[in-house]
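Accompanying notes for the structure given below.
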Amino acid sequence: MGRRMGRSVLVTGGNRGIGLAIARAFSAQGDKVAVTHRGTAAPEGLFGVRCDVTDSAAVDAAFTEVENAHGPVEVLVANAGITDDTLLMRMDEEQFTRVLDANLTGAWRVTKRATRNMLKARFGRIVYISSVVGLLGSPGQVNYAASKAGLVGMARSIARELGSRAITANVVAPGFVATDMTESLTEDRKKQILASVPAGRYATPEEVAAAVTFLASDSAAYITGAIIPVDGGLGMGH
Ligand code: NDP
């Protein structure tokens, strides 16, 4: 099977951090890459569409824009995500549902919209950016860990529903990656984290991107419903 050239790729939250590294990696291999942003515009060289994944109408409009520019989305990377950390006893319902809405329901919204055309094309690659904490749990992140664990059930159900149409759905579970999201952690927490990572360092966003481009490649056609950790060994056994 020859490599599909110049595929239409959409990366949510591809305007910065891990999503941007993923978008750049696809772009470097010759794919047509679109990224969502929430008003900051797309970085140089990438096609940007404005989209908040908590808004179904915005998701639909963004896909239509991408389809007009690059054709139907063949590779979807659901990367957009937020944290809102606090201990369970202090967490209010709005903090819980807001994180679930962005990280889990947001991934569902973009998947549902993307699979419409993937089913017609009888081809698709879906990659969810989860987290090691979705499998390990993390104090102060009940909302975030629940949303990231939810992506595993989502990917595996989609793998079962759509597997016969050459659509794969996989999960990448990064450990700690140097981005704005981890920059906000306290120095004490950062030291604690590094002490528990066998690799003894954070991942670079490019190391996460490499797993994503592999899962989207022709070589990974028989990998579906899998969780690929990119965590320096932090979550071994989970
Ligand atoms: P950043 O905080 O650097 O970037 C988050 C991205 O998500 C931004 O592009 C942001 O857009 C976008 N986003 C957030 N909410 C929405 C929304 N409602 N609609 C559309 N876009 C949204 O995070 P990272 O790059 O570090 O994280 C990327 C993904 O990787 C997340 O899902 C995160 O949970 C996961 N992850 C990160 C780890 C880490 O250590 N950094 C570890 C494990 C997983 P905007 O610029 O508009 O805010």
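The values are calculated or read from the model by the stated rules, or taken from the named source; none is laboratory data. All values reported here derive from a predicted model rather than from experimental measurement. Note that each Cβ is placed from the backbone with ideal geometry, even for glycine, and that neighbours are counted across all protein chains shown.
Filtering the stretch 102-124 for residues that are closer than 16 Å to THR224 by Cβ, out of contact with any Ser or Thr (no Cβ under 6 Å at 6 or more places or on another chain), among the aliphatic types (A, V, I, L, M) and surrounded by fewer than 17 Cβ atoms within 10 Å (Cβ to Cβ) leaves a non-empty set.
Filtered by the rule that a residue be of a type in the set (A, V, I, L, M) and crowded, with 20+ Cβ neighbours inside 10 Å, the stretch 11-45 gives VAL11, ILE18, LEU20, ALA21, ILE22, ALA23, ALA25, VAL33, ALA34, VAL35.
Taking the stated definitions as given, is GLY137 surrounded by fewer than 17 Cβ atoms within 10 Å (Cβ to Cβ), at positive phi and not charged (D, E, K, R)? When the stated conditions are applied, GLY137 passes them. Exactly one of these conditions fails for ILE223: (1) in a loop (DSSP other than H, G, I, E, B); (2) among the β-branched types (Val, Ile, Thr); (3) surrounded by 16 or more Cβ atoms within 10 Å (Cβ to Cβ). Give me its number. Single failed check for ILE223: (3).
Here the stretch 1-11 is the region considered, the condition is being touching a residue at least 60 places away in the same chain (Cβ under 8 Å) and not small (Gly, Ala, Ser), and the residue that is farthest from the ligand (Cβ to nearest atom) is MET1.
Scanning the stretch 12-63 for residues that are among the charged types (D, E, K, R), within 12 Å of the ligand (Cβ to nearest atom) and over 18 Å from THR204 (Cβ atoms) turns up ARG38, ARG50, ASP52, ASP55. Here GLU74 fulfils each of the conditions (1) surrounded by 19 or more Cβ atoms within 10 Å (Cβ to Cβ); (2) of a type in the set (Asp, Glu); (3) out of contact with any strand residue (DSSP E or B) (no Cβ under 9 Å at 6 or more places or on another chain) apart from (3). Of all residue pairs spaced 6 or more apart or on separate chains, those with beta-carbon atoms under 9 Å, a first member in the stretch 176-199 that is of a type in the set (Asp, Glu) and a second member that is at pLDDT 85 or above are ASP180/ARG16; ASP180/GLY17.
Annotation: ILE167 fulfils all but one of (1) within 17 Å of ALA80 (Cβ to Cβ); (2) touching a Lys or Arg at 6+ places or on another chain (Cβ under 9 Å); the unmet one is (1). Go through the residues of the stretch 82-95 one by one and say whether even a single one is surrounded by 23 or more Cβ atoms within 10 Å (Cβ to Cβ) and either in contact with a helix residue (DSSP H, G or I) (Cβ under 8 Å, 6 or more places away or on another chain) or in a loop (DSSP other than H, G, I, E, B) (or both). No, because not a single residue in the stretch 82-95 is surrounded by 23 or more Cβ atoms within 10 Å (Cβ to Cβ) and either in contact with a helix residue (DSSP H, G or I) (Cβ under 8 Å, 6 or more places away or on another chain) or in a loop (DSSP other than H, G, I, E, B) (or both).
Would you say ARG50 is touching a helix residue (DSSP H, G or I) at 6+ places or on another chain (Cβ under 9 Å), farther than 22 Å from PHE26 by Cβ and not acidic (Asp, Glu)? When the stated conditions are applied, ARG50 does not pass them. One residue stands out among those in the stretch 170-223 that are within 12 Å of the ligand (Cβ to nearest atom) and polar (S, T, N, Q): the one that is farthest from LEU20 (Cα to Cα), which is SER184. When the stretch 12-61 is filtered for residues that are of a type in the set (Phe, Trp, Tyr) and in contact (Cβ under 8 Å) with a residue 24 or more places away in the chain, only PHE26 remains. Within the set VAL127, VAL208, the sole residue that is in a helix (DSSP H, G or I), surrounded by 17 or more Cβ atoms within 10 Å (Cβ to Cβ), touching a residue at least 60 places away in the same chain (Cβ under 8 Å) and under 19 Å from the mean Cα position of the chain (by Cα) turns out to be VAL208.
Condition check for ARG98 on (1) charged (D, E, K, R); (2) touching a strand residue (DSSP E or B) at 6+ places or on another chain (Cβ under 9 Å); (3) outside any loop (DSSP other than H, G, I, E, B); (4) under 28 Å from ALA145 (Cβ atoms): one failure, at (2).
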